[in-house]
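Colleague: One structure follows; several queries about it will come next.
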There are 2 protein chains.
Amino acid sequence: MTADTAYQALTVETLPERLKDVAALIQHVGQDAATWQVQEVGDGNLNLVFIVSGPNGKAIVKQALPYVRLVGDSWPLPLYRAFFEYHALRRQAARDPGAVPVIYHFDEVQAMIIMEFLAPHVILRRKLIAGEQVAGLAAFLGRYCARTAFRGSELSMQSPDKKADVALFAGNVEIPAITEALVFTDPYFDADMNSHTEGLAPVIAKLRNDIGLKVKVQQMLQQFVSNTQTMVHGDLHSGSIMSTDDDSRVIDPEFVQYGPMGFDIGMLCANFLMAYFSQPAHRGANLSAYQEWILEVIADISDHFEQEFRHLWATERTGILYPAALFEDQGHDSTAACDAVLAGIWRDAWAVCGIEMHRRCLSLAHNADFEEIDDVALRARLEARNLSMGAELIHTADTIADAQAVCALAREFNGKDVL
Amino acid sequence: MTADTAYQALTVETLPERLKDVAALIQHVGQDAATWQVQEVGDGNLNLVFIVSGPNGKAIVKQALPYVRLVGDSWPLPLYRAFFEYHALRRQAARDPGAVPVIYHFDEVQAMIIMEFLAPHVILRRKLIAGEQVAGLAAFLGRYCARTAFRGSELSMQSPDKKADVALFAGNVEIPAITEALVFTDPYFDADMNSHTEGLAPVIAKLRNDIGLKVKVQQMLQQFVSNTQTMVHGDLHSGSIMSTDDDSRVIDPEFVQYGPMGFDIGMLCANFLMAYFSQPAHRGANLSAYQEWILEVIADISDHFEQEFRHLWATERTGILYPAALFEDQGHDSTAACDAVLAGIWRDAWAVCGIEMHRRCLSLAHNADFEEIDDVALRARLEARNLSMGAELIHTADTIADAQAVCALAREFNGKDVL
């Protein structure tokens, strides 16, 4: 396959012949493409994902499709998102070494990334639904969020590099547009692609009639589209994390953009909270222990995030923001400045968290934590707790003390039925 | 002069020969370049500005120099700023028709814009120092700030157009870098290029020892570099406005970038406040009447800004933010949303206002309002009032009620000597 070949979607059948000369595959899978086994495993909403196996090992071939897989070719989506995913992966690898799969090969025309096959990693969301714990998860995620937030901002980057990167990623238009609509707007009115569990109508009506809530959510949208604090993953939920019992990686950054520092960690915490609220449908005897483990992960993510962020503040503050010239060099402690930055991050994060909790039950692209609950009445009851807590977070984001307070709120809503 | 001619700075002597075939000059000045009179009038810090006169009339030829004129060739500055100025002027003309000079010709290689000669306009700062009133000034400036803020944001623009524009203007690196350093950072420590009036040391020491103030200023810097709400002029002071007794235009947008909606109006108000505080050195009997006129301009700019912004909110809200689908279409009034957006703009504006009041007395590029006061003791006394009010604005920006409250504060500091 040469660089000027026109784009063509791969299939299980055509992949070996088409990629037989790609050195990265030969190296990681095996010399003779005739010996490769190919399996298509894409369970996401947007792309083809193949596992290619051979005598030397395995590799992942991920190829963008020119439309939203979840919806079909009625919703076209540009192939260039693979370009942004590739550039995001490179930056994430540099900013938090080891956090993302190793890239073996990138083909821009084919919108294809060949990368490390992670084993025995599975999608974290599956583990959360199955009630499995992952050692070191909070430390990994807290550090990942802190490192990518800090090192992708003018706290660390030189200003010309940051501006060039903002310009580059501003080209990723249609993918962030999905977030703009599906996350921030559609949940709050009767949008075409919305769906929700039967029985939720009264809770939804309350949200959609809450003008103050809608104002706050739209303020967060304004911030999402016009705040380039750092490079965000843009879709950091438990389906974008792969884990073993004690190792985790972040995948799928095609929603990358420069955005608010609190965005990723807010969305991430929302997905743990939804895992928490869905547990009564998935667990038996160990329900409360597993739910408490999830809350512990949230609190620990927050602790590790703060700890790492403060460490980077002290050791890597090489950008134009809050320069040592104004603080340390004057004998002035800059802790108050770091406190203020962190407070701003958390204000944004908790509002985004509440919004993500809403959109996953109200617009397109629900999550398996709730979707796999067959008992519709139970699902509605659990989603209602989740939706109500989401509203509370959006309304109170500015005054929430810390992640422990969020966990306390989760316990409260977990015992409070609004339906 | 052809497009591939290498850049060469124009001189009064070479201009006619070099530009004799430029149709725009022939049309507006006269057919025969030998009859043109050329005068160099650049009194700014960065560029060459020529008035070219002839039988048909006059035109302005503005050419960027490859260094900061104020400092010399030890501070190189890229010529591409003329490209951004040109694109800014085009957008400003579209967003507020008639507000900026008409462009006749642009030559990217020569970093040269040929444009309308404004007459009998003079730089507004000169009129403020001379004690002259300008009819319609506040209405013009309030509307200009509202229209460019609103129409350059996702309140109005389509998202792909906005992202493409953000990417384009992210290429303007070195010029905004001047603002990042000179406005937001240098005033607050003993930076190399700083200078200040003798006698201000105690006031300056107080500012530079105020850690909370520095934190707040750096938060505003973080916002300035990573908030792309709208296309800002970037240098909207009274030296970037030309007026007659009843007509005004905005010029010199080479500091253009996408930035916070409150930036331009904040900097603008600061320059009126500095004109206000400097008046005791420039006026005699009519001092208090003229000072009150300046405050009236500030209050009226604010009123016209709000009025125009609310008008555009009601009539031109065509972007993805605060969509009618969520508000009006649901029978929900969106006034609370507009209130929240405006409140955010003013919070930012008053903090920027205070910062601008500081930098004009403390870092490079002081303003004539104060600089032309020969009596050093008087200048220090007036600058001290200005510096102190600036600090108050930065500290209280979040809670200032409105522009009237700012005017009241100005009167208070005008009567309070801190030296």
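Colleague: Just to check your reading of the model, which residue among B:L364, B:L393, B:L342, B:L419 is touching a Cys at 6+ places or on another chain (Cβ under 8 Å) and of a type outside the set (S, T, N, Q)? Break it down into steps so the answer makes sense when it comes.
Modeller: Numbers: B:L364 fails: touching a Cys at 6+ places or on another chain (Cβ under 8 Å); B:L342 fails: touching a Cys at 6+ places or on another chain (Cβ under 8 Å); B:L419 fails: touching a Cys at 6+ places or on another chain (Cβ under 8 Å).
Exactly one residue qualifies, and that residue is B:L393.
Colleague: Please go through the range A:48-66 and give me each residue that is in a loop (DSSP other than H, G, I, E, B) and not polar (S, T, N, Q), ordered by number. Before the answer, list the steps.
Modeller: The initial filter retains those residues of the range A:48-66 that are in a loop (DSSP other than H, G, I, E, B), namely A:55-56, A:65-66.
Within the range A:48-66, A:P55, A:L65, A:P66 meet the criteria.
Colleague: Do we find a residue being open to solvent by 30 Å² or more (accessible area, probe 1.4 Å), within 13 Å of chain A (Cβ to nearest Cβ) and assigned to a helix (DSSP H, G or I) anywhere in the range B:272-292?
Modeller: Residues of the range B:272-292 open to solvent by 30 Å² or more (accessible area, probe 1.4 Å): B:280-289, B:292.
Keeping just the survivors that are within 13 Å of chain A (Cβ to nearest Cβ) gives none.
Looking for residues that are open to solvent by 30 Å² or more (accessible area, probe 1.4 Å), within 13 Å of chain A (Cβ to nearest Cβ) and assigned to a helix (DSSP H, G or I), one finds none in the range B:272-292, hence no.
Colleague: OK, next. For A:G266, which of the numbered conditions (1) open to solvent by less than 10 Å² (accessible area, probe 1.4 Å); (2) touching a Lys or Arg at 6+ places or on another chain (Cβ under 6 Å); (3) not polar (S, T, N, Q) fails to hold?
Modeller: All conditions are met except number (2).
Colleague: Residue pairs, Cβ under 7 Å, 6 or more apart or interchain, first in the range A:395-409 and of a type outside the set (A, V, I, L, M), second loosely packed, with under 15 Cβ neighbours inside 10 Å. List them.
Modeller: Listed pairs, sorted by first residue: none to list.
Colleague: Kindly indicate whether B:K216 is in a helix (DSSP H, G or I), touching a residue at least 40 places away in the same chain (Cβ under 8 Å) and open to solvent by 10 Å² or more (accessible area, probe 1.4 Å). Can you show your working first?
Modeller: Details: in a helix (DSSP H, G or I): yes; touching a residue at least 40 places away in the same chain (Cβ under 8 Å): yes; open to solvent by 10 Å² or more (accessible area, probe 1.4 Å): yes.
Spelling it out, B:K216 is indeed in a helix (DSSP H, G or I), touching a residue at least 40 places away in the same chain (Cβ under 8 Å) and open to solvent by 10 Å² or more (accessible area, probe 1.4 Å).
Colleague: Still on this structure, please answer the following. Do the conditions hold for A:F263, that is, is it more than 15 Å from A:D369 (Cβ to Cβ) and among the aromatic types (F, W, Y)? Even if it seems obvious, please write down each step before you answer.
Modeller: Details: more than 15 Å from A:D369 (Cβ to Cβ): yes; among the aromatic types (F, W, Y): yes.
For A:F263, the condition - more than 15 Å from A:D369 (Cβ to Cβ) and among the aromatic types (F, W, Y) - is met.
Colleague: To continue, here is another question. Could you please give the count of residues in the range B:49-77 that are under 22 Å from B:Q257 (Cα atoms) and either open to solvent by less than 30 Å² (accessible area, probe 1.4 Å) or hydroxyl-bearing (S, T, Y) (or both)?
Modeller: 7
Colleague: Only one of (1) at negative phi; (2) modelled with pLDDT under 95 is not met by B:G72, so which one is it?
Modeller: (1)
Colleague: Criterion first (among the small types (G, A, S) and within 14 Å of another protein chain (Cβ to nearest Cβ)) does A:A384 satisfy it? Quick ask: steps written out before the conclusion?
Modeller: Values: among the small types (G, A, S): yes; within 14 Å of another protein chain (Cβ to nearest Cβ): no.
Here the answer is no, as A:A384 does not meet what is asked.
Colleague: Just to verify a result, which residue in the range B:189-205, among those that are part of a helix (DSSP H, G or I) and without any contact (Cβ under 8 Å) to a residue 40 or more places away in the chain, is most open to solvent (accessible area, probe 1.4 Å)? Break it down into steps so the answer makes sense when it comes.
Modeller: As a first pass, look at the range B:189-205 and keep what is part of a helix (DSSP H, G or I): B:201-205.
Remaining after also requiring without any contact (Cβ under 8 Å) to a residue 40 or more places away in the chain: B:201, B:205.
On the way: B:A201: 60, B:A205: 45 Å².
Ranking the candidates gives B:A201 first.
Colleague: Considering (1) open to solvent by less than 40 Å² (accessible area, probe 1.4 Å); (2) closer than 15 Å to B:I355 by Cβ; (3) not acidic (D, E), say which one B:G171 fails and leave the rest.
Modeller: If we test B:G171 against (1) open to solvent by less than 40 Å² (accessible area, probe 1.4 Å); (2) closer than 15 Å to B:I355 by Cβ; (3) not acidic (D, E), just (2) comes out false.
Colleague: How about the range A:243-286: which of its residues are in contact with a helix residue (DSSP H, G or I) (Cβ under 8 Å, 6 or more places away or on another chain) and of a type in the set (A, V, I, L, M)?
Modeller: A:V250, A:I251, A:V256, A:M261, A:I265, A:M267, A:L268, A:A270, A:L273, A:M274, A:A275, A:A281
Colleague: Just checking, which of B:V203, B:V183 is more than 22 Å from the chain's Cα centre (by Cα), under 18 Å from B:I394 (Cα atoms), more than 10 Å from chain A (Cβ to nearest Cβ) and not acidic (D, E)?
Modeller: Values: B:V183 fails: more than 22 Å from the chain's Cα centre (by Cα).
Checking each option against the conditions leaves just B:V203.
Colleague: Here is a follow-up. Could you check the range A:269-292 and list, in sequence order, the residues that are out of contact with any Lys or Arg (no Cβ under 9 Å at 6 or more places or on another chain), aliphatic (A, V, I, L, M) and touching a residue at least 40 places away in the same chain (Cβ under 8 Å)?
Modeller: The one that is out of contact with any Lys or Arg (no Cβ under 9 Å at 6 or more places or on another chain), aliphatic (A, V, I, L, M) and touching a residue at least 40 places away in the same chain (Cβ under 8 Å): A:L273.
Colleague: Further, regarding this structure: B:C269 versus (1) in a loop (DSSP other than H, G, I, E, B); (2) more than 14 Å from chain A (Cβ to nearest Cβ): which is the lone unmet condition?
Modeller: Answer for B:C269: the failing condition is (1).
Colleague: Could you run through the range B:237-253 and say how many residues are within 10 Å of the chain's Cα centre (by Cα) and in a loop (DSSP other than H, G, I, E, B)? Please lay out each step first, then the result.
Modeller: Start the filter on the range B:237-253 by keeping residues that are within 10 Å of the chain's Cα centre (by Cα), which leaves B:237-241, B:250-253.
Remaining after also requiring in a loop (DSSP other than H, G, I, E, B): B:237, B:251-253.
Selection size over the range B:237-253: 4.
Colleague: Can you confirm whether B:P120 is open to solvent by 20 Å² or more (accessible area, probe 1.4 Å) and over 21 Å from B:R18 (Cβ atoms)? Steps first, answer last, please.
Modeller: Numbers: open to solvent by 20 Å² or more (accessible area, probe 1.4 Å): yes; over 21 Å from B:R18 (Cβ atoms): yes.
So B:P120 fits the description; yes.
Colleague: Would you check if there is a residue in the range B:222-230 being more than 8 Å from every other protein chain (Cβ to nearest Cβ), closer than 29 Å to B:L378 by Cα and open to solvent by less than 40 Å² (accessible area, probe 1.4 Å)?
Modeller: No, every residue in the range B:222-230 fails to be more than 8 Å from every other protein chain (Cβ to nearest Cβ), closer than 29 Å to B:L378 by Cα and open to solvent by less than 40 Å² (accessible area, probe 1.4 Å).
Colleague: So for the range B:137-152 (the condition being facing another protein chain (nearest Cβ under 8 Å), buried (at least 22 other Cβ atoms within 10 Å of the Cβ) and touching an Asp or Glu at 6+ places or on another chain (Cβ under 7 Å)), does at least one residue qualify?
Modeller: Within the range B:137-152, not a single residue is facing another protein chain (nearest Cβ under 8 Å), buried (at least 22 other Cβ atoms within 10 Å of the Cβ) and touching an Asp or Glu at 6+ places or on another chain (Cβ under 7 Å).
Colleague: Then there's this: Within the range A:316-356, how many residues are more than 7 Å from every other protein chain (Cβ to nearest Cβ), crowded, with 24+ Cβ neighbours inside 10 Å and in a loop (DSSP other than H, G, I, E, B)?
Modeller: 0
Colleague: Sort through B:D161, B:D210, B:D252 and tell me the only one that's more than 8 Å from every other protein chain (Cβ to nearest Cβ) and free of Cβ contacts under 8 Å to residues at least 24 places away in the same chain.
Modeller: On the way: B:D210 fails: free of Cβ contacts under 8 Å to residues at least 24 places away in the same chain; B:D252 fails: free of Cβ contacts under 8 Å to residues at least 24 places away in the same chain.
Result: B:D161 is the single residue among B:D161, B:D210, B:D252 that is more than 8 Å from every other protein chain (Cβ to nearest Cβ) and free of Cβ contacts under 8 Å to residues at least 24 places away in the same chain.
Colleague: Does the range A:366-417 hold any residues that are exposed (fewer than 14 other Cβ atoms within 10 Å of the Cβ), touching a Ser or Thr at 6+ places or on another chain (Cβ under 8 Å) and aliphatic (A, V, I, L, M), and which are they?
Modeller: Within the range A:366-417, just A:V376 meets the criteria.
Colleague: Away from chain B (no Cβ under 13 Å), among the charged types (D, E, K, R), surrounded by fewer than 21 Cβ atoms within 10 Å (Cβ to Cβ) and part of a helix (DSSP H, G or I): does that describe A:R310? If you could, list the steps in order and put the result at the bottom.
Modeller: Values: away from chain B (no Cβ under 13 Å): yes; among the charged types (D, E, K, R): yes; surrounded by fewer than 21 Cβ atoms within 10 Å (Cβ to Cβ): yes; part of a helix (DSSP H, G or I): yes.
When the stated conditions are applied, A:R310 passes them.
Colleague: Follow-up question, since we're still on this one. For the range A:1-47, name all the residues that are in a strand (DSSP E or B) and open to solvent by 20 Å² or more (accessible area, probe 1.4 Å). Lay out the reasoning, then the answer.
Modeller: At the first step, the residues of the range A:1-47 found to be in a strand (DSSP E or B) are A:37-40, A:47.
Of everything in the range A:1-47, those that are in a strand (DSSP E or B) and open to solvent by 20 Å² or more (accessible area, probe 1.4 Å) turn out to be A:Q37, A:V38, A:Q39, A:E40.
The values are calculated or read from the model by the stated rules, or taken from the named source; none is laboratory data. Model, not experiment: these values are computed from the prediction. Quick reminder, even Gly has a Cβ in these numbers, built from the backbone with ideal geometry, and neighbours come from all protein chains shown. Keep in mind that these areas ignore ligands, DNA and RNA; they rest on the heavy atoms of the full protein, side chains included. Shrake-Rupley method; radii C 1.70, N 1.55, O 1.52, S 1.80 Å.
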